[in-house]
Structure formats: C-alpha cells, structure tokens
C-alpha cells in the first residue's frame, strides 16, 4: 500500500472542488469551445438551452460501409470544468488504427450549473446517440467503447454500470451501455466502501453536489456479472483519486467474473497520462497499452 497524506485529505481531494484545482487549471488552459482540425462535429443532444457536440475522427478512407469499432471519450475536470480537446491526440491515434474515435462535450457545473447526475445523463445520451446513428456513421453498434479521465473516467464507467439516469424522451430501447471501457485515473468510488477503506458519508455537501445519494452514482457499487471488459490506467502516487480505489474496483470486477486490467504506474500522480505532460513518456506508454487492449478485443488493426 502506498502512503497517502490522510484518509480525509484523500477523500476531499476526490470530491471537493478546491483539491481538484490543479486538474481544473490544466484543463481550463485549453480553449473552450475547442477547435479540432480534421474532426467532423455533430450535436448529440440539446439540454438546458445548450447544444452538446461530438467531435468525430475517422480513419483515412472510412465510409459508412466499413462498420468500424468506435470509442467515445469524456474529459476530466471534476465535473466542473474541462474540455473535449483533452482526448484529441488519443482520437487521432486510434483513428490511425482503424477506429472511429470521438470526444464528447457534456454539461459541467461551472458552465451550466449542473450536478454529477446531469453529467451522467449526458454521457449516456452520447453513447446512445452513437449507437442510434451507428450505421450512418460507419460504426459497428456492438463495438462501442467508452473512455475518459478522472471525472470523465467516472462517466465512462457510469455508462457501463449505473442503472437509471437515462434522459427523458430518448429511446431507451437502444442501449446507452458501451461494450468496453478505457479508464484513466477514474473516480469509480463515490460512496462509502468498507472493502476499499473508503468513507465519504462524513463529508459535507457530497449528496448535494452529486444531485442524488452518492451510492447511486458510484460505479463500484454497481459492479456485477456481465460488465464490459475494462482497462484502468492509474498513477500509484495519485492523491486526488487514491490508487486503492481502483485496486478495489478491479478486484470487484474480477470477482464478478469480468475482465479488468489494472495498469499502475509507480510514482505517477493524477493526470500523468495526458498529452503534453512532461516529455509525453506516459502519454505514449498508456496510449500503446490502450491500443493493445483494444486490438485484443478486435477494435483496432
């Protein structure tokens, strides 16, 4: 077990806005709304007077008849800020490997005054939109992955594991559940979990910020048999989302009979995987392992 400053400090880092300041600052540095050359854009949802978009990167020569695998990424930022541009380089790489790679916008607290449950609804809407339009987009509806970092990793996991929180008026006969997960330092435990030595019930404002009882939006609490195959990338020195939380998540996934690979990186802190961090060493390492994982599923060339 790696050392952490204190249980309360670690939990506050996961769930309070001040402790996520570093992540917010990094994600706020990129322009919003983003500009991404080479990406097609589509509006997948209108909510609260806002048009929410997808930026779609296609493989060279891609046509609707190809029916390629796809991935939808959700950015990090504590459900409060951030930009879809965070995963632009991941999308460009995966498009070069034959996938339709998409980075999605969703509502956040700073721009839209929403709760975490609203972010979950938007993420589910994005997956459902891609599956609904799969034939037109040249996507195999049975090979759609969800990915994301930190709060975006939570949203990706939420689309796979959480019941409910489907947007009213959408065709729930079309599933909002992805077929695979690619998670980067994800917040997967948002409620008390004795098995992970994790407690949040004593922290003020958690339920209000979530917009619901924390366990209802906590992916860990809804792991069961038949969950999508997952890979989790996490820094072992992460004090914003403690490493023990993803260890517990991976253990519970495997105990339920699901495939879950945990790639831990010694000495690495929160956000270590991002493009532009340092000399891109860990961006490249995690990118290659992500590609291998997806190739093993038959998603990339």
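Nothing in this text is a laboratory measurement; each read-out follows from the coordinates by a stated rule. If you're wondering where the values come from, they're calculated on a predicted model, not measured in any experiment. Cβ atoms come from the backbone with ideal geometry, glycine included; neighbour counts cover every protein chain shown.
With angles folded into 0 to 90 degrees, how steeply does helix 116-132 sit against the dominant principal axis of the chain? Use alpha carbons for both and round to 10.
Relative to the chain, helix 116-132 is tipped by roughly 20 degrees.
Full extension from residue 277 to residue 192: what is 0.36 nm times the residue separation minus their Cα-Cα distance, to one decimal in nm? Present the calculation step by step, with values, prior to reporting the outcome.
Numbers: separation 85, 0.36 × 85 = 30.60 nm, distance 3.23 nm.
Length gained, residue 277 through residue 192: 27.4 nm.
Kindly rank 106-116, 141-151 from highest to lowest mean number of other beta carbons found within 10 Å of each residue. Kindly include the intermediate steps, with their values, before the conclusion.
Working: 106-116: 19.3, 141-151: 26.2.
Highest to lowest by the protection proxy: 141-151, 106-116.
To the nearest 10 degrees, how steep is helix 281-296 against the longest Cα principal axis of the chain, on a 0 to 90 scale?
For helix 281-296, the angle is close to 60 degrees.
How do 210, 99 line up, fewest other C-beta atoms within 10 Å first? Let's see the in-between values first.
Numbers: 210 23, 99 26.
Sorted ascending by nearby Cβ count, the order is 210, 99.
Just to confirm the number: angle between the C-alpha axis of helix 243-255 and the first principal axis of the chain, 0 to 90 degrees, nearest 10?
60 degrees
For the residues 161, 183, what sequence is obtained by ranking on other C-beta atoms within 10 Å, fewest first?
Details: 161 22, 183 28.
With the sparsest Cβ surroundings first, the list reads 161, 183.
Just the number, please: percent antiparallel of the DSSP beta bridges in the chain, rounded to the nearest 5.
Working: 12 of 39 bridges.
Here the share of antiparallel DSSP bridges comes out near 30 percent.
Quick one: check the C-alpha center-to-center distance for the range 198-258 versus the range 95-146, whole angstrom.
Centre-to-centre distance over Cα atoms comes out at 21 Å.
What shape does the range 35-131 take by its C-alpha gyration tensor, where a ≥ b ≥ c are the square roots of the eigenvalues and a/c under 1.5 counts as rounded, a/b above b/c as prolate, and the rest as oblate?
Details: a/c = 2.33, a/b = 1.81, b/c = 1.28.
Prolate shape, in that a/c is at least 1.5 and a/b is the bigger ratio.
For the chain, what is the mean residue ellipticity at 222 nm derived from helices alone (per DSSP H run of n ≥ 4: -39500 (n - 2.57); sum divided by total residues; nearest 500 deg cm²/dmol)?
-9500 deg cm²/dmol
Could I have the simple spin-label model distance between residue 43 and residue 175, label points 7 Å from Cα toward Cβ, reported in nm to one decimal?
3.0 nm
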